[in-house]
Amino acid sequence: MNYDRLREEMVREQLIPRGIEDERVLVSFRKVKREVFVPAELREDAYGDFPLSIGEGQTISQPYMVALMTQCLELTGNEKVLEIGTGSGYQTAILAELSKQVYSIERIRTLARRAEEILEKLNYTNIKILVGDGTLGWKEFSPYDRILVTAAAEEIPSPAMDQLKEKGIMVIPVGSIYSQDLKVIKKEKGRPKVKTVERCVFVPLIGKYGWDESVRGE
Ligand code: SAM
């Protein structure tokens, strides 16, 4: 498999034609090897235009969705970012390429550990991962310039909003467990200014300020 060619095709065929135009975002997608974050048996599909299973009933999101969420964060390289839902760690690596420091929370220990191992092997030194309920945020390092939630919320978790800096940006899918709107929220004078950018389907955000575990039959 020529993954370098597939990665370039992903950028040219899936991202650019759909409006991903932030040059820094495109550079990061050309650099980060998505195949490394995908389970071995699915590696050949790593650059497909769809999400893939990563085990534990969870997914690595479609490349376009990862790119769109990243572009909406308007990262310049100086930001402190909170990611809620580490999953495979692929999005975490993209964020680490584009910002100063990334704090990422994953509720499923095995996924968090696997992501941490991969990211360490890739020599990222600006990522910290926590196993826990991301709907509570990560108070210790707050406030954050940017917050990215990579699972579907019924409502914006209030601790995350509290931990976002003034003029900060949060990107979050909000809706039912079956489909959501991708929302971009800017905090202005302490209040959320909300814009909807795309329809989407994410796995549920489970936790104190999210869905109950029973939505997944867990
Ligand atoms: N961006 C990830 C990637 O590139 O692989 C995909 C994330 S996946 C769509 C969503 C993740 O959010 C899952 O791994 C799930 O376990 C996690 N999650 C759900 N609820 C959570 C919570 N309250 N706190 C932290 N992680 C949560």
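On the stretch given as the range 119-141, residues that are open to solvent by less than 30 Å² (accessible area, probe 1.4 Å) and over 27 Å from S158 (Cα atoms) total 1. The residue that is surrounded by the fewest Cβ atoms within 10 Å (Cβ to Cβ), among those in the range 157-205 that are within 15 Å of the ligand (Cβ to nearest atom), of a type in the set (S, T, Y) and farther than 20 Å from K139 by Cα, is Y178. List the number of the failed condition for T135; all other conditions in (1) under 26 Å from A40 (Cα atoms); (2) of a type in the set (S, T, N, Q); (3) within 15 Å of the chain's Cα centre (by Cα) hold. Checking T135 against (1) under 26 Å from A40 (Cα atoms); (2) of a type in the set (S, T, N, Q); (3) within 15 Å of the chain's Cα centre (by Cα), the one that fails is (1). The residues in the range 139-154 that are part of a loop (DSSP other than H, G, I, E, B) and more than 10 Å from the ligand (Cβ to nearest atom) can be counted, and the count is 3. Listed conditions (1) free of Cβ contacts under 8 Å to residues at least 40 places away in the same chain; (2) in contact with a helix residue (DSSP H, G or I) (Cβ under 9 Å, 6 or more places away or on another chain) are all met by R113, apart from (2).
The values are calculated or read from the model by the stated rules, or taken from the named source; none is laboratory data. Small disclaimer: the values here were computed from a predicted structure and weren't measured. Neighbour counts run over all protein chains shown; Cβ positions are idealised from the backbone, glycine included. Ligands, DNA and RNA are excluded from the accessible area calculation, which covers all protein heavy atoms including side chains. Shrake-Rupley method; radii C 1.70, N 1.55, O 1.52, S 1.80 Å.
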